[in-house]
Amino acid sequence: MENTLLKQDLQEERREGFKIENLEGATWAFRKLRAIGTKKAEIEAVAAEEIARIEAWKQEQLKQYDNDSEFFEGCISSYFVEERAKDKKFKLSTPYGKVSSRKSKKWLYEDEAALKEYVKENEIEAIRVKEELDKTALKKICKDGVNTETGEILPGVRIEETETITVKAE
């Protein structure tokens, strides 16, 4: 029964210049909103299901190529390492690709607390202090953009009073 009512509510056409003037009109508009919401949810569910199916198919198709790619990259890397062991200046370059290597130092921070303490004790300027405005505390201390202790207006603050209207169809 409810499904039939929803279909009927959806099929009723929008009236040009429609204006709600009484409780009956508001009730009709809420029914219309509920029917639209239900239809949108159905469409979203179908779309999500299809997207998930297509995504699963895509992953399955790409998996075989990822495995092949890893295999060939491993073979090329192995060859490069072997040749590099023979000749330190070996470079591998073909018209279809090249292999390059770069040496770098990676810092592993095993005990950051001890390191921070060391940096503080030795006065090494390597600690950042992030300074930011505590807006919640500011709103409590300064009512309506005015410092309650001095009566000064806060610079750089503009307060707008807004009203939010929420329509919720149940």
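Among F90, F71, which is outside any helix (DSSP H, G or I), at pLDDT below 95 and not charged (D, E, K, R)?
F90
Go through segment 106-147 and count every residue that is surrounded by 11 or more Cβ atoms within 10 Å (Cβ to Cβ), β-branched (V, I, T) and over 30 Å from E160 (Cβ atoms).
1
Please work out if G25 is outside any loop (DSSP other than H, G, I, E, B), of a type outside the set (A, V, I, L, M, F, W, C) and at pLDDT below 90.
It is true that G25 is outside any loop (DSSP other than H, G, I, E, B), of a type outside the set (A, V, I, L, M, F, W, C) and at pLDDT below 90.
List the residue pairs whose Cβ atoms are under 8 Å apart, where the first residue sits in segment 64-78 and is under 18 Å from S100 (Cα atoms), the second is of a type in the set (A, V, I, L, M, F, W, C), and the two are 6 or more positions apart or on different chains.
Close Cβ pairs satisfying both conditions: I76/L92; I76/V99; S77/V99.
Which condition breaks for E152 when tested against (1) touching a helix residue (DSSP H, G or I) at 6+ places or on another chain (Cβ under 9 Å); (2) acidic (D, E); (3) surrounded by 10 or more Cβ atoms within 10 Å (Cβ to Cβ)?
Single failed check for E152: (1).
The values are calculated or read from the model by the stated rules, or taken from the named source; none is laboratory data. Remember, it's a predicted structure, so these values are computed and weren't measured experimentally. Quick reminder, even Gly has a Cβ in these numbers, built from the backbone with ideal geometry, and neighbours come from all protein chains shown.
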